[in-house]
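Peer 1: One structure follows; several queries about it will come next.
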């Protein structure tokens, strides 16, 4: 009986008076749930795809923003121009460390980021990381050179030249010192990665470097600033002793006599003449720097006189406050660059040219073609270096505009020129004056050496201070961020939520 009733209930026809029961997936809640799930899946998929796209773009393009006050992670405009237009050879930059270990410290991370941005700017640059502990055979390729962790090797297969950059180069400190200063003081001095790397790129890609030799043996004054500047711009810098060599190597392009404190004799001066004549072919350059610390040098003076140049035994002072570098001294002042063919590319520079303790360079009569390269402004006067009195009368001194630098040329029968350029002060190219960011002394000498040697334009990049990177904002900016983050965005989210809720209630 029970079974029969059960069968009847199961087989009974539905009551036509009752509406059919809605299927669960046709309900409004089911539709909303399915729609929400679909939106969630689509949103997650979009986030994943966007993340992949951003990762790909960040590897190929510079998508990072530099929020540091000193632009520590930003390439100089001159660097960007060189990488885009000046670099034509493929170069490999190898950091001797694993990337994970290298970027653990903020300062080394800055080095890594600069190298990465360089590779993004030029397709000719490839940056890689190599752990020396896992690749001990790598060092054997560079016989006679010391390589260590955190060193950077820049190589160009096309020229078969390479250059090693040490932490001391790109920080101005050793690795241990850099870490010490960062740990205790929060900075490492200066970031020189960009300077050193561009210098290395110029060096390794130059298949015919210009040779520059500094003389020694006559008490020449310190020339480290000029040497470093030339090396960073791809010149091969060396030293030659006029006392031990019979003939100056004819493959040397430029010879520099840097403010000798001992006068040369006729034997050494004859070597200079022979170098400039170059077997009648000419095509050589000699740069002579004077100094107020020199005694009188009659032999050198006679040599220069044959080229129509002489250096006065005086120190140039400046009475006009507009051109003085400091109110403390009259002997550090601004100079004017002359409009001549040797100054093409630097004439009209908006930056200052600064000099200190300068002897005047006079142009005399000779068969050579002479021209002024740099002069003082009005208001200059001459203070005799052999003055022994107590109170010097500036009013009675010789006043005027004086040459700070001048050049003289002699040509061969086919028109090839050899020249001498004379500078009244070695401080014009000293590291101290060239360190100022508002002067063009370093640019001037890079340009001059490039012009006389026929090289392409060089690069002078200002170092970035190594203070800990920070994002500083004004009070106005901080208040704006506070309003946006604490009021505008929350209100927008609330309004959007209410709108969605109201819409769903009426669906």
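Peer 1: Could you sort the peptides 143-153, 92-102 by per-residue average Cβ neighbour count (10 Å cutoff), highest mean leading? Please report the intermediate quantities before stating the final value.
Peer 2: Values: 143-153: 14.7, 92-102: 17.5.
Result, highest mean Cβ count within 10 Å first: 92-102, 143-153.
Peer 1: Using 0.36 nm per residue, how much length does the chain from residue 126 to residue 49 gain when fully extended, once their Cα-Cα distance is taken away?
Peer 2: 25.0 nm
Peer 1: Then there's this: May I ask you to compute the full-extension gain from residue 84 to residue 159, defined as 0.36 nm times their residue separation minus their alpha-carbon distance, rounded to one decimal in nm?
Peer 2: 25.0 nm
Peer 1: I've got another one for you. Set the Förster radius R0 to 45 Å, insert the Cβ-Cβ distance between residue 496 and residue 101 as r into 1/(1 + (r/R0)^6), and round the FRET efficiency to 0.05.
Peer 2: 0.50
Peer 1: How would segment 95-162 be classified by its alpha-carbon gyration tensor: rounded, prolate or oblate, with rounded meaning a/c under 1.5 and the a/b versus b/c comparison settling the rest?
Peer 2: It comes out oblate by the Cα gyration axes.
Peer 1: Could you order the peptides 104-112, 193-201 from most to least packed, using the average number of other C-beta atoms within 10 Å per residue?
Peer 2: 193-201, 104-112
Peer 1: Assign one of three labels to segment 75-120, namely rounded, prolate or oblate, based on the Cα gyration tensor with a ≥ b ≥ c the square roots of its eigenvalues; rounded applies when a/c is under 1.5, prolate when it is not and a/b is larger than b/c, and oblate otherwise.
Peer 2: In terms of gyration-tensor shape, oblate.
Peer 1: Arrange the following residues from fewest to most other Cβ atoms within 10 Å of their Cβ: 276, 448.
Peer 2: Ranking 276, 448 by Cβ neighbours within 10 Å, fewest first, gives 276, 448.
Peer 1: At a Förster radius of 25 Å, what calculated FRET efficiency corresponds to the Cβ-Cβ distance of residue 244 and residue 301, to the nearest 0.05?
Peer 2: 0.55
Peer 1: May I pose another question? Grab the beta carbon distance between residue 392 and residue 77, set R0 = 30 Å, and tell me the FRET efficiency rounded to 0.05.
Peer 2: 0.05
Peer 1: Per-residue counts of other Cβ atoms within 10 Å, averaged by peptide: what ranking do you get for 286-293, 339-346, highest first?
Peer 2: 286-293, 339-346
Any read-out appearing in this document is the output of simple, stated calculations on the displayed coordinates, not a laboratory observation. Computed from a predicted model, the values in this text were never measured in an experiment. We place every Cβ from the backbone using ideal geometry, glycine too, and count neighbours over all the protein chains shown.
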